[in-house]
Each structure stands twice: as C-alpha cells, then as structure tokens.
Amino acid sequence: TLGGLFPKQTTGNLWLMVYFVYYRYYGRPKHKWKSWLAAVWIATSVKVKDIVGMMFAAVLTIPQKLMARYVFVIGPVVLLMLLLYSILLPDHYSHYFEEDSKTTKVARVALNYTSVAIGRDHFPLGVGFGQFASPVSSDCNSNVYHLYGIDRIWGSTGDKTDVNFMYDTFWPMILGETGFLGTFLYILILYFAFSPFLKRFCISTSDKLVMF
C-alpha cells in the first residue's frame, strides 16, 4: 500500500480516492486503467470505511443526474451491503454494533459510545474543548476517560506511551466536546458550505468543477 508515504494510511487512501474519482469520471478514456489501480491500492489497505467509500463513489456517479426516487434503489443496496458486511466480517461488525463502552476492548468503539453518553450527561454543550477524543485531551491527560471507565482500554489509558487511540476518531470529539448543540451547529456549517456543490452535483454528476 501507499501508507508508508503518508502520516496515516487513511490520508493515503483519501488521495487515492481523489485519484480514483478523477480518472474514472474525468480523465481521458485511455487513462481509465489508473482508476482501477487506485481501487486496488485502496482495497489492499483492508480498511472497511475506505473501501465502502470507494464503492459509494463508483455507484453514485453512474447516473448522469441524481433524483429523489433513486433513494428507493440506493436504500435496498445499502441494506444488502450491511448484510454482507455482517456475514463477511462478523468480528468487525460485532465490535461496532453489538458491543458497548463497558464490554468492548476496542478504543474506537468505546469513544463512539462514550461520546453519546457525554452528550447526554452534559447536555447541550458537552465537556468542553480539549477534554475528549482530541489531541489536547491526551496532552493534558483529561480525566473524562477515567470518569467513563474507558481508560482501561489499550490505546486510551493516558500513559504517554499508550495514547494511540485517545484521539483516533473525529465525530466523538465533536459530540463529546461540544455536545448535541455544537454537533448540530457543526453539521449546519457543513451544509451551508457544501450544499451549493451538492445541488450542482445532483443536477449533473459530470461537472468537473464540483469534484474540486
């Protein structure tokens, strides 16, 4: 894989995704093979979200124009993919959908569930900046991890040699530190920032400017 050229494998896959989309939909026909090269590289990373993202990008741009009625087609496809996911990767599925912060041994799963608990317990503004699932929370050894009992999990113990996953996920940081209100405002900002491009994309999936 290209993971060694980037700080994180996910960063490498993000650039490969741009490479894949460009050469699949906007490159010259003789360069289409480059999109498949990117697809193979993404697949070899064995990162479920990145592979699903690539598949989503491939399917989303098949029609020239996206319309509301396509939801009735996309919905069953998504359900089928979830079913295949649960069958082909039962352990991975179990970590995310059948465990909770008290039973899991996976830091990322614990952060997801704990962020919801924090949002509920500290409604509506969360525990504040630099307190949960962010780099600062590991630097200042935030006690939120201990309060919610997830400092027992490898990667989030607070020890300077074991902080691999204390800030491994993004949305738990948003929800935990800013609460449900902050999360709503953040999503609202994203909507206003990207909705014009999404609307143009729905009108014409071949618009090159929309990609960038």
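The values are calculated or read from the model by the stated rules, or taken from the named source; none is laboratory data. These numbers were taken from a predicted model, which means no experiment stands behind them. Glycine also receives a Cβ, built like all others from the backbone with ideal geometry; neighbour counts cover every protein chain displayed. Protein only, heavy atoms only, side chains kept; ligands, DNA and RNA dropped before computing areas. Shrake-Rupley method; radii C 1.70, N 1.55, O 1.52, S 1.80 Å.
Within region 92-131, the set of residues being among the hydroxyl-bearing types (S, T, Y) and at pLDDT below 75 comprises Y93, S94, Y96, S101, T103, T104.
Within region 22-39, restricting attention to residues that are open to solvent by less than 30 Å² (accessible area, probe 1.4 Å) and in a helix (DSSP H, G or I), the residue that is modelled with the lowest pLDDT is Y26.
Residues checked against (1) modelled with pLDDT under 75; (2) among the polar types (S, T, N, Q); (3) farther than 14 Å from Q9 by Cα; (4) open to solvent by 90 Å² or more (accessible area, probe 1.4 Å):
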| site | (1), (2), (3), (4) |
| --- | --- |
| W41 | no, no, no, no |
| T44 | no, yes, no, no |
| K47 | no, no, no, no |
| V52 | no, no, yes, no |
| A58 | yes, no, yes, no |
| F72 | yes, no, yes, yes |
| I87 | no, no, yes, yes |
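Looking only at region 100-116, residues that are open to solvent by 20 Å² or more (accessible area, probe 1.4 Å) and in contact (Cβ under 8 Å) with a residue 12 or more places away in the chain come to 9 in all. Within region 108-144, being at positive phi and more than 16 Å from the chain's Cα centre (by Cα) holds for G126, G128, G130, N141.
Yes/no matrix, rows are residues, columns are (1) outside any loop (DSSP other than H, G, I, E, B); (2) of a type in the set (S, T, N, Q); (3) open to solvent by 30 Å² or more (accessible area, probe 1.4 Å); (4) at pLDDT below 85:
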residue	(1), (2), (3), (4)
A133	no, no, no, no
S138	yes, yes, no, yes
Y145	yes, no, no, no
G155	no, no, no, yes
T161	no, yes, yes, yes
M166	no, no, no, yes
T169	no, yes, no, yes
I174	yes, no, no, no
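Which residues, taken from region 12-21, are of a type in the set (A, V, I, L, M, F, W, C) and open to solvent by less than 90 Å² (accessible area, probe 1.4 Å)? Across region 12-21, the qualifying residues are L16, M17, V18, F20, V21. Suppose the filter is modelled with pLDDT of 80 or more and at positive phi; does G179 pass it? Considered against the rule, which asks whether it is modelled with pLDDT of 80 or more and at positive phi, G179 comes out as yes. Could you please find all residues in region 145-154 being in contact (Cβ under 8 Å) with a residue 40 or more places away in the chain and under 23 Å from the mean Cα position of the chain (by Cα)? Answer for region 145-154, where residues must be in contact (Cβ under 8 Å) with a residue 40 or more places away in the chain and under 23 Å from the mean Cα position of the chain (by Cα): I150, I153, W154.
Within region 182-194, residues that are over 17 Å from G128 (Cβ atoms) reach no partner that is open to solvent by 90 Å² or more (accessible area, probe 1.4 Å) and part of a helix (DSSP H, G or I) with beta carbons closer than 8 Å at six or more positions or on different chains.
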